[in-house]
1. Where nothing but the Cβ of Lys and Arg (+1) and of Asp and Glu (-1) is charged, how large is the charge dipole of the chain around its Cα centre, in debye to the nearest 20?
2. Putting +1 on Lys and Arg Cβ atoms and -1 on Asp and Glu Cβ atoms, find which of His63, Phe40, Leu75 reaches farthest to the positive end of the dipole of region 1-93.
3. When the chain is fully extended, how far beyond the present Cα-Cα distance does Val240 get from Leu189, taking 0.36 nm per residue of separation?
4. Defining a contact as two alpha carbons under 8 Å apart and six or more residues distant in sequence, what relative contact order in percent does the chain show?
5. In terms of the Cα gyration tensor, with a ≥ b ≥ c the square roots of its eigenvalues, is region 57-186 rounded because a/c is under 1.5, prolate because a/b exceeds b/c, or oblate?
6. Leaving ligands, DNA and RNA out of it, report the carbon-plus-sulfur percent of the accessible area of the chain at a 1.4 Å probe.
7. What would the Debye formula give as log10 I(q)/I(0) at q = 0.13, 0.19, 0.24, 0.30 Å⁻¹ for the alpha-carbon point model of region 117-178, no solvent?
8. So what is the calculated 222 nm ellipticity per residue for the chain, using -39500 (n - 2.57) for each DSSP H run with n of 4 or more, over all residues, to the nearest 500 deg cm²/dmol?
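The values are calculated or read from the model by the stated rules, or taken from the named source; none is laboratory data. Just so it is clear, the model here is predicted, and its values are computed rather than measured. Cβ atoms come from the backbone with ideal geometry, glycine included; neighbour counts cover every protein chain shown. To get the accessible areas, we keep the full protein, side chains included, count just its heavy atoms, and leave off ligands, DNA and RNA. Shrake-Rupley method; radii C 1.70, N 1.55, O 1.52, S 1.80 Å.
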Amino acid sequence: MEKFKIMNAFQIKVLMIILMSLDHLRYINHLVSPEIASVFTVISRCVAPMFAYFAVEGIRHTHNLKKYCLRLSILAGIVFGGNIALNTFFKIFADALSGSGQEIQYRNDNVIFTLALGVLFILSVQEGMQKQGIWKICLLIISGISFLLGFFWGEWGTVILPFMLIEYFFHDKKLIRFIGYGLIELISLILPFGEPLYFLVFPFIFLYNGKRGPQTKFSKYFFYVYYPVHLWIIAIVNFVIII
């Protein structure tokens, strides 16, 4: 089976951002037909869970989990701030020109926030299990809050939070993992905001050879930076077209 594991993390991430970018083309008014947009949406359902998988890989290999969690949290905050600034600009400019900004597609995407909550959940559980007394209770409360917040309010939360939990805590227990995957699918089918096609991630996990690929500053930060920047560019292009 090892012969099929032909892709490193960098290669898979490049493929994921291509699929993600194709899906987000639907945010540009009249650029792609609804039929093509639907195809792009389907084939991109693997992207968020794949990055959740790599977030767990990052947890396993990082030398400092607290710093890793902090970096993701700061980036999530930057994305939030950028979205707010862009949406505010759109609203003010659109109202000044036409009196209404209702046709503008405002940006609220922030899957990095969900990933950060997943990492915080795992960090809090780890730290909580090593503490005693009030610190243990506080950390376990934080872990519970971070899980629930990500699950119910995070983008892709119904998949990312349980998926990260399963991949980290039950990595070596195949039966429990498979049961967990099935439960995620069941939850996705029941809840109106679920993602039932998340299972499209598994072929890419199967192809992953466990190697990181290039280990440079570029490869370390590019994918996290690309996510908000490409969305902001798409939003600006759409805004210019509509205005």
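1. 980 debye
2. Farthest towards the positive end: His63.
3. 14.6 nm
4. Computed over the chain, the figure is 32 percent.
5. Verdict is prolate for region 57-186.
6. Of all accessible area on the chain, carbon and sulfur atoms account for 70 percent.
7. With one equal scatterer per Cα and no solvent, log10 I(q)/I(0) is -0.36, -0.70, -0.93, -1.10.
8. -25000 deg cm²/dmol
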